[in-house]
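A single structure is presented below for examination.
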Amino acid sequence: MSEIRAVFFDIDGTLFSTVDFASLARAASADAMIEAGLNVPREDLLEELDEVIREFSSNYERHFDKLLLRFPRRTLKGLNPAVIVAAGIVAYHDTKTRMLEPFEDASEVLRRLGLTDLLLGIITEGLEVKQAEKLIRLRLLDHFQQRAIFISHQVGISKPNPKLYQRACIDLNLRPSECVYVGDNPTMDIDPANEIGMVTVRVQREDRFRDVEGASSPDHVIQNFWDLSEILRERGVEVPEVL
């Protein structure tokens, strides 16, 4: 069994609750657009917004513009579409400021891992500034070495291409067998990391991928980050139990 020298993490659904945050932020945006004058039932607005996000992906930057196009023109009679869109955007970002929080156990375990000799890093899918912003807003950036943060759009390799994971290992002069990868998506996180020989840990604390099975099995399944601490101890990492 190889010595563990590094632990890499996904961000969304791994370090914070994507499901809870998305629900809060979208609801706040819908309420703000209605308050600004948009005459659409709240449930209809949220349903269409969810559909827009599914169709154009969460990384698309003009969700609210597309959303307004889906309603009859009379819906916007007497209104300035830019004002309605701006209301939604401001409410979304205000929610990020107030409500974006890491899992409580994630913050504490990362703090303890920072006292070990482990290199802590990120391998995540998404737009570079958007994903980096999450680390800053979550107040987790200080736990990671910036040279060990790999964001797909910045690297030019997207999940589930295993080359993204290989790139992290090569750049940091690590063998895959010396690296643990922690993520929640079986096909995007676990399968490609398994393919290059990383030690894989699937976080199974939210429902969004509960029924998804990848082509390969993770080495470990955890419900929280305390479980991760125990796995690392079993592999010889001296994670402090008491601070």
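Within region 197-243, how many residues are among the aliphatic types (A, V, I, L, M), out of contact with any Lys or Arg (no Cβ under 9 Å at 6 or more places or on another chain) and within 16 Å of Ala6 (Cβ to Cβ)?
Qualifying residue count for the region: 6.
Still on this structure, please answer the following. Is one or more of the residues making up region 183-199 at pLDDT 95 or above, assigned to a strand (DSSP E or B) and in contact with a helix residue (DSSP H, G or I) (Cβ under 6 Å, 6 or more places away or on another chain)?
For region 183-199, residues at pLDDT 95 or above, assigned to a strand (DSSP E or B) and in contact with a helix residue (DSSP H, G or I) (Cβ under 6 Å, 6 or more places away or on another chain): present.
Among residues belonging to region 172-196 that are over 21 Å from the mean Cα position of the chain (by Cα) and within 14 Å of Arg5 (Cβ to Cβ), point out the one that is surrounded by the fewest Cβ atoms within 10 Å (Cβ to Cβ).
Per the criteria, the residue is Asn173.
Among (1) assigned by TED's automatic domain parsing to the domain that holds Leu174; (2) surrounded by fewer than 20 Cβ atoms within 10 Å (Cβ to Cβ), which single condition is Leu24 missing?
Leu24 satisfies every listed condition except (1).
Out of the residues in region 205-243 meeting the condition of being outside any loop (DSSP other than H, G, I, E, B) and touching a helix residue (DSSP H, G or I) at 6+ places or on another chain (Cβ under 8 Å), tell me which one is surrounded by the fewest Cβ atoms within 10 Å (Cβ to Cβ).
Checking each candidate, the answer is Trp226.
Among the residues of region 80-111, write down those that are free of Cβ contacts under 8 Å to residues at least 60 places away in the same chain, surrounded by 15 or more Cβ atoms within 10 Å (Cβ to Cβ) and either aliphatic (A, V, I, L, M) or touching a helix residue (DSSP H, G or I) at 6+ places or on another chain (Cβ under 7 Å) (or both).
Residues satisfying the conditions are Ile84, Val85, Ala86, Ala87, Gly88.
For Val19, all conditions in the list (1) hydrophobic (A, V, I, L, M, F, W, C); (2) surrounded by fewer than 18 Cβ atoms within 10 Å (Cβ to Cβ); (3) over 30 Å from Leu118 (Cα atoms) hold save one; what is the number of the exception?
Here Val19 meets the rest and fails (3).
Could you tell me which of the residues Leu76, Leu119, Leu115 is assigned by TED's automatic domain parsing to the domain that holds Gly156, surrounded by 13 or more Cβ atoms within 10 Å (Cβ to Cβ) and aliphatic (A, V, I, L, M)?
Within the list Leu76, Leu119, Leu115, the selection yields Leu119.
Okay, next question. With touching a strand residue (DSSP E or B) at 6+ places or on another chain (Cβ under 6 Å), polar (S, T, N, Q) and assigned to a helix (DSSP H, G or I) as the only criterion, which of Gln131, Gln166, Gln154 stands out?
None of the other options fit; the residue is Gln131.
Moving on to the next point. Exactly one of (1) of a type outside the set (A, V, I, L, M, F, W, C); (2) outside any helix (DSSP H, G or I); (3) under 13 Å from the mean Cα position of the chain (by Cα) is unmet by Arg139. Its number?
It fails just one condition, (3).
Residue pairs, Cβ under 7 Å, 6 or more apart or interchain, first in region 205-219 and under 22 Å from Phe103 (Cα atoms) and in the same structural domain as Pro160 (by TED's automatic domain parsing), second at pLDDT 90 or above and surrounded by fewer than 12 Cβ atoms within 10 Å (Cβ to Cβ). List them.
Arg205/Gln223
Considering every residue within region 167-184, establish whether at least one is of a type in the set (A, V, I, L, M), in contact with a Pro (Cβ under 7 Å, 6 or more places away or on another chain) and in contact (Cβ under 8 Å) with a residue 12 or more places away in the chain.
Checked against the condition, which is being of a type in the set (A, V, I, L, M), in contact with a Pro (Cβ under 7 Å, 6 or more places away or on another chain) and in contact (Cβ under 8 Å) with a residue 12 or more places away in the chain, region 167-184 yields no hits at all.
With the checklist (1) in contact (Cβ under 8 Å) with a residue 24 or more places away in the chain; (2) surrounded by 18 or more Cβ atoms within 10 Å (Cβ to Cβ) in hand, flag the one item Thr200 doesn't pass.
(1)
Exactly one of (1) within 30 Å of Arg233 (Cα to Cα); (2) buried (at least 20 other Cβ atoms within 10 Å of the Cβ); (3) of a type in the set (Lys, Arg) is unmet by Arg5. Its number?
(2)
The values are calculated or read from the model by the stated rules, or taken from the named source; none is laboratory data. This is a predicted model, so every value here is computed, not measured. Neighbour counts run over all protein chains shown; Cβ positions are idealised from the backbone, glycine included.
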